[in-house]
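K.L.:
My questions will all concern the structure given below.
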Amino acid sequence: STMRERKAADPLHSSTDLTEGKEKLRLKQEVGLISGVSLIAGTMIGSGIFMSPEWVLHHMGNPASSLLIWAACGLLAMFGALSYAELGTIIKESGGEYIYILRIFGSFPAFLFAYTSVILVRPAGLAAVCLSFAEYAIAPFYPGCSSPQIAIKCTAAACILILTIINCLNVRLATSVMNIFTAAKLLALLVIVVGGLVLLAKGQTQSFQNGFQGTTAGIGAVGVAFYQGLWSYDGWNNLNYVTEELKKPEVTLPRALMIAIPLVTCLYLLVNVSYLAAMTPSELLSSGAVAVTWGDKVLGSWAWLISLSVALSTFGSSNGTFFSGGRVCYIAAREGHMPDILSMAHVRRLTPSPALLFTSAMSLIMIISGSFTSIVNFFSFMAWLFYGMTISGLLYLKIKKPELPRSYKVPIIIPIIVLMAAVYLVLAPIIDQPQIEFLYIVLFIFSGIIFYFPLVHFKYHPRFLQRVTYHLQLLLEVAPTTRDAN
């Protein structure tokens, strides 16, 4: 059948002998504390810190209030992650928000999450990161002026196609790319931080004088500024997607979060201070690629190093986003919420090529139709809608089922603060500056009803879908890497 309920094994961690039907279904618990910290920090530090500062400043109106937004975003990410840590010790399954919504609220809302995540949220995240990669990769070819949009979009599309090939060819190649590029991004940030400290020591503090002058007061503008800032922190929940693979998850999960997120927050604040030490607010606002402008002013003839480092960093981050993009597909397929074809793997390479190809196609559509800021705003709107639902599930468990065993407990005030922030982030931009696109997103989410009731609830599987799945299997040389639970 095209959709069916089954136990899933991740092809990245299972060994499959298709000729003899032998298969290991158990995920290996290989992620320790250091790996957990690297996974969170490496995913969080992507394109945002190199793209979002100018937009946060644009919406807030001055340097001091924009720095406050960056600090508040770090605090909110920390609170959200701690809330997720408790959920991860109650429901010890991989899958993040999907599995928590499924276990707490049931099949229908979980399907809406998987449907929205696979078709919109993850492709939107990948599109935004690839657009920022393109911005930096071609900036040196257009010195002193903005890069043309057509060149940016073509480069971003090429980036997605290269990532698709890398991830479809070999899992080890994809992880090697991720590790190399993580080192590049840390080096780029450290150069910017050190350069900023040198400038401050020389007395370049004019951007911080009268820092709060002209602060924006509108609730919608603050909400959109939060969207741009929180985009840079996105990834704080990544460890919850691999709970089944953590060594001692009840200990590793909270500890990794408490190390990684404060570390990233401090780094982001120092980088923003460095940008403002090198540039006036008006220069920062007019820069299409903030870090490149910083490099031109501080490093002179060596500025190309920053452009190269940031391009490598954002490419590595987009590879990480792409690499982990199939996980919701697999978990949802295990529960009968996704077409089988999206959870299959290549028979020889053991890579989840159908899911990767689908994500690639959706991301290309978003690159053609949207810009970096619009994609980030709508990505954040959808993400915080589901974060809010997940956190409300934790509050339900804390109040109604306090007897459930949990090795880590977060004070109830923390998830309450996160829930209030999620409600604000979802409603504020709609109330203050209503845009028809937000209505389209809500309509899209609920359009999942059309597919849920016939295909999942009533398990109606049209013959033509089965034939399509069969032909796609032959064309892509893929097969299920799982078997029925019985």
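The values are calculated or read from the model by the stated rules, or taken from the named source; none is laboratory data. All values derive from a computational prediction rather than experimental measurement. As a convention, Cβ positions derive from the backbone with ideal geometry for all residues, glycine included, and neighbour counts pool all protein chains shown. SASA here: full protein model, heavy atoms, side chains in, ligands and nucleic acids out. Shrake-Rupley method; radii C 1.70, N 1.55, O 1.52, S 1.80 Å.
K.L.:
Multiplying the sequence separation of residue 304 and residue 92 by 0.36 nm and subtracting their Cα-Cα distance, what value in nm do you get?
P.N.:
Length difference between fully extended and current span is 71.7 nm.
K.L.:
Obtain the nm distance between the two label points defined at residue 169 and residue 396 by a simple spin-label model: each point lies 7 Å from its Cα along the Cα-to-C-beta direction.
P.N.:
4.6 nm
K.L.:
If one takes the longest principal axis of the Cα atoms in the chain, at what angle in degrees, from 0 to 90 and to the nearest 10, does the Cα axis of helix 33-44 lie?
P.N.:
On a 0 to 90 degree scale, this one is about 70.
K.L.:
For the stretch 331-486, what are Rg and Dmax over the alpha carbons, in angstrom?
P.N.:
Rg and Dmax of the stretch 331-486, Cα atoms, are 20.0, 53 Å.
K.L.:
May I pose another question? For a label point 7 Å from the Cα of residue 282 along Cα→C-beta, name the residues of the stretch 173-212 whose backbone N is under 18 Å from it.
P.N.:
Under cut-off, by backbone N: 205-212.
K.L.:
Between residue 450 and residue 403, how high is the FRET efficiency from 1/(1 + (r/R0)^6) when r is the Cβ-Cβ distance and R₀ = 25 Å? Nearest 0.05. Please report the intermediate quantities before stating the final value.
P.N.:
On the way: r = 39 Å, r/R0 = 1.56.
Efficiency, rounded to the nearest 0.05: 0.05.
K.L.:
Something else now. Quick one: with all protein chains in place, what share of the accessible area of the chain is carbon or sulfur, to the nearest percent (1.4 Å probe)? Show your work: numbers first, answer last.
P.N.:
Details: 13590 of 20400 Å².
Solvent-exposed carbon and sulfur of the chain make up 67 percent of the total.
K.L.:
Sort 139-149, 353-363 by the packing proxy (mean of other Cβ within 10 Å over each peptide's residues), most packed first.
P.N.:
Values: 139-149: 13.0, 353-363: 22.4.
With the highest mean Cβ count within 10 Å placed first, the list reads 353-363, 139-149.
K.L.:
Also, I was wondering about something else. Could you do me a favour and compute the accessible area per residue for the chain, 1.4 Å probe, result in Å²? Please report the intermediate quantities before stating the final value.
P.N.:
Values: 20400 Å² over 486 residues.
Ligands and nucleic acids excluded, the figure is 42 Å² per residue.
K.L.:
Testing the spin-label approximation: label points 7 Å from Cα along Cα→Cβ at residue 200 and residue 179. State their distance in nm.
P.N.:
The modelled label-to-label distance comes out at 3.4 nm.
K.L.:
Measure nothing but the geometry: give the 0 to 90° angle between the long axis through the Cα atoms of 463-476 and the longest principal axis through the Cα atoms of the chain, rounded to 10°.
P.N.:
60 degrees
K.L.:
What is the helix-to-structure angle for 107-116, meaning the angle in degrees between its Cα long axis and the longest Cα principal axis of the chain, kept from 0 to 90 and rounded to the nearest 10?
P.N.:
Helix 107-116 and the main axis of the chain meet at about 50 degrees.
K.L.:
Quick one: if the Förster radius is 45 Å, what FRET efficiency do residue 248 and residue 145 give, using the C-beta to C-beta distance and rounding to 0.05? Display every interim value, and only then the final one.
P.N.:
On the way: r = 54 Å, r/R0 = 1.19.
FRET efficiency, residue 248 to residue 145: 0.25.
K.L.:
Which order do peptides 444-451, 375-382, 55-62 fall in by mean Cβ count within 10 Å, highest first?
P.N.:
Numbers: 444-451: 14.2, 375-382: 24.1, 55-62: 22.0.
Descending mean neighbour count gives 375-382, 55-62, 444-451.
K.L.:
Extending each Cα 7 Å along its Cβ direction at residue 161 and residue 439, get the distance between those two points in nm, one decimal.
P.N.:
3.8 nm
K.L.:
For the chain, what is the mean residue ellipticity at 222 nm derived from helices alone (per DSSP H run of n ≥ 4: -39500 (n - 2.57); sum divided by total residues; nearest 500 deg cm²/dmol)? Don't skip to the end; give the middle numbers.
P.N.:
Values: 20 runs with 320 residues, N = 486.
Estimated from H runs of four or more residues: -22000 deg cm²/dmol.
K.L.:
Could you sort the peptides 383-395, 339-351 by per-residue average Cβ neighbour count (10 Å cutoff), highest mean leading? Could the numbers behind the result be given before it?
P.N.:
Numbers: 383-395: 22.1, 339-351: 20.3.
Per-residue mean Cβ counts within 10 Å order the peptides as 383-395, 339-351.
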